[in-house]
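Step one of this worksheet: look at the structure below.
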């Protein structure tokens, strides 16, 4: 299965219908159907998620990816020694620190660097791999598919005070205890909630 977020709603690439009544289902979509997904979501805000069903998921996913310019990013779910999670507030949403992978650096190096740049918090070590998330956006008329590699990172201290990277639209750096409060989750991206749930 593949899952990509378009306009903050999930599009699932699957072999069989999940049985969800809240899904808009398309069987064996052609290239035009793939290209029109974003427009469909814009025109129908009531659609909760789209399910694309195919007997050949890898080929369908490849056809979809070829329609976008790919951007690679990396980030971390950072946990301190009292099991609090590090969050940033960016453009009015709660987010996790992440950013683009630079030339000649590894995915892991990029993830640690982005956390330090966006939050001002160091003393990090990667504990495990949390997988990838995908989301799309438009950049000057060019459709972009961002693949973000996520890691569970440990911070060697407690609630260290961070420094938000204002030039990236970050206004706050905060530690929040687990389980994460509803008020935070309600203003967080859905794909990030799944990441948090992978920790324990």
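The values are calculated or read from the model by the stated rules, or taken from the named source; none is laboratory data. Since the structure is predicted, the reported quantities are computational estimates derived from the model, not experimental observations. All Cβ positions, even for glycine, are placed from backbone atoms using ideal geometry, and neighbour counts span all protein chains on display.
Within segment 129-150, being touching a strand residue (DSSP E or B) at 6+ places or on another chain (Cβ under 6 Å), without any contact (Cβ under 8 Å) to a residue 40 or more places away in the chain and farther than 18 Å from residue 107 by Cα holds for one residue alone: 137. Just so you know, in segment 96-114 the residues that are surrounded by fewer than 20 Cβ atoms within 10 Å (Cβ to Cβ) and either in contact with a helix residue (DSSP H, G or I) (Cβ under 8 Å, 6 or more places away or on another chain) or not assigned by TED's automatic domain parsing to the domain that holds residue 185 (or both) include one that is nearest to residue 172 (Cα to Cα), and it is 99. Reported count of residues in segment 86-103, each being in contact with a strand residue (DSSP E or B) (Cβ under 8 Å, 6 or more places away or on another chain) and more than 15 Å from residue 188 (Cβ to Cβ), is 3. Just one of the listed residues (147, 163) is more than 11 Å from residue 85 (Cβ to Cβ), within 17 Å of the chain's Cα centre (by Cα) and either surrounded by fewer than 12 Cβ atoms within 10 Å (Cβ to Cβ) or at pLDDT 90 or above (or both), namely 147. For the condition closer than 24 Å to residue 5 by Cβ, touching a helix residue (DSSP H, G or I) at 6+ places or on another chain (Cβ under 8 Å), in contact (Cβ under 8 Å) with a residue 40 or more places away in the chain and surrounded by 12 or more Cβ atoms within 10 Å (Cβ to Cβ), residue 124 does not qualify. The criterion of at least 1 residues that are under 18 Å from residue 137 (Cα atoms) is met by the following helices (runs of 4 or more DSSP H) wholly inside segment 27-124: 31-35, 37-43, 57-65. For segment 18-30, the condition of being touching a residue at least 40 places away in the same chain (Cβ under 8 Å) and at negative phi holds for none of the residues.
Could you check, for segment 17-26, whether at least one of its residues is assigned to a loop (DSSP other than H, G, I, E, B) and surrounded by 13 or more Cβ atoms within 10 Å (Cβ to Cβ)? Scanning segment 17-26 turns up at least one residue that is assigned to a loop (DSSP other than H, G, I, E, B) and surrounded by 13 or more Cβ atoms within 10 Å (Cβ to Cβ).
Only a single item in (1) in contact with a strand residue (DSSP E or B) (Cβ under 9 Å, 6 or more places away or on another chain); (2) surrounded by fewer than 17 Cβ atoms within 10 Å (Cβ to Cβ); (3) closer than 22 Å to residue 198 by Cβ is not met by residue 83, and it is number (1).
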